[in-house]
Structure formats: C-alpha cells, structure tokens
Amino acid sequence: MFGRDRNATQQQAMPSSNSMNSSGSQVNTAPPPVNIPSSVGTGNTTPKIETVIGPNCRITGTLQSDGGIRIEGIFEGNLQTTGNLIVAETAKVIAEVQAYNVTVSGQVKGNVIANKVEITETGKVWGDLSVNSLLLHEGSYLRGSTNMGGDIEPPAFEPPRIIAPRAVSAIEGEAN
C-alpha cells in the first residue's frame, strides 16, 4: 500500500545475487531496483504529448495526429488532432485548428474548432472559435466570434406586467 509494499514485494521476488569477492566480503552484483512511475497501472488517462515542435523549428503544411501536440516554434497550415494541443508562449501558429482541447499561451491566427479552448494570460487568438467550453484568463486576448456548441435554449422570459396607474385621490386633511 502507498508504494512501500510494492517495493518490498519486488525486492523479495528478486533472487539474491550477492557473491563473495577474493577478500571474503560480500559484493552485491544485482542491478539497482527500477522505480516504476505511480501513473503506470493506475488508470491515469491523461493524454500524453506525443509530438513536440521545438522553439527553433518552423513547419509549414498539414499536421494530423491521434495524440497530443505541443508547439513551441512556428507552425503554418492545417492542424488536426484527436488529442490536446498546447501552444506554448514562444509559439506562433497560423493555421486552421481542429483538436479536442486547446491551450493557448502563445499566438494563434486562424479558426479553432475544439471541445474546450483555454487562453492563458499570455495567449492571443485572432480567429473564430467553435467550442463547447471557453476559458479566458485575465490578460488574454481574443479577436473573433465565438460559437458555443449545444442546443441550449435560453429560458422564456415574460415581459414585466404594466399595471395601470390608479387615480390619485385627494389626501385627507388637505383643502382644495
């Protein structure tokens, strides 16, 4: 439990590989135990970033992926991924973007279609968004229209009822 028992079990399962050297003392010749990350086998379904466009890289064309993409350099063209897209602070993207979730810390010029778009404090977007969820941090910049998905109808509002004014009668005690 809590990782301690797993390590103890692994050590017990390893056969002893101690041997005697020429002076009669024991020497451990076993390789050091391998630490297994806690996310392995725990059902952690956070999508991994499989593609990285580095800060000194410029790519033009079409990029299609089933995994996550992180852009730190310059990308121009069309970008389609079923995973997440992260646009780092140093990135400049001029593209039509389709992704599951998009986080913009750099600059994006082009239309974005995604489930969720987050524009951080340093993020700037020039283009139209088609999203289910939009998160704008203080200091972020967005120029374009936003179309929120879903067929949610606004509630029916009734106009306020206007009550006809009553005739004002003379207040008692006042003379005409």
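The values are calculated or read from the model by the stated rules, or taken from the named source; none is laboratory data. None of the values given here were measured: they were computed from a predicted structure. Using ideal geometry, Cβ is built from the backbone for each residue, glycine included, and neighbour counts are taken over all protein chains shown.
Data for the structure
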quantity: Any pair with Cβ under 8 angstrom, 6 or more apart, that starts in the range 111-139 at a residue that is closer than 22 Å to Asp151 by Cβ and ends at one that is of a type in the set (Lys, Arg) and surrounded by fewer than 19 Cβ atoms within 10 Å (Cβ to Cβ); calculated: Val131/Lys116; Asn132/Lys116; Ser133/Lys116; Leu134/Lys116; Leu135/Lys116
quantity: Every residue from the range 118-137 that is among the acidic types (Asp, Glu) and under 15 Å from Tyr100 (Cβ atoms); calculated: Glu118
quantity: Output for the range 101-143, where each listed residue is surrounded by fewer than 14 Cβ atoms within 10 Å (Cβ to Cβ), modelled with pLDDT of 95 or more and part of a loop (DSSP other than H, G, I, E, B); calculated: Glu121, His137, Glu138, Gly139
quantity: Matching residues, the range 72-85, being buried (at least 21 other Cβ atoms within 10 Å of the Cβ) and within 16 Å of the chain's Cα centre (by Cα); calculated: Thr81, Asn84, Leu85
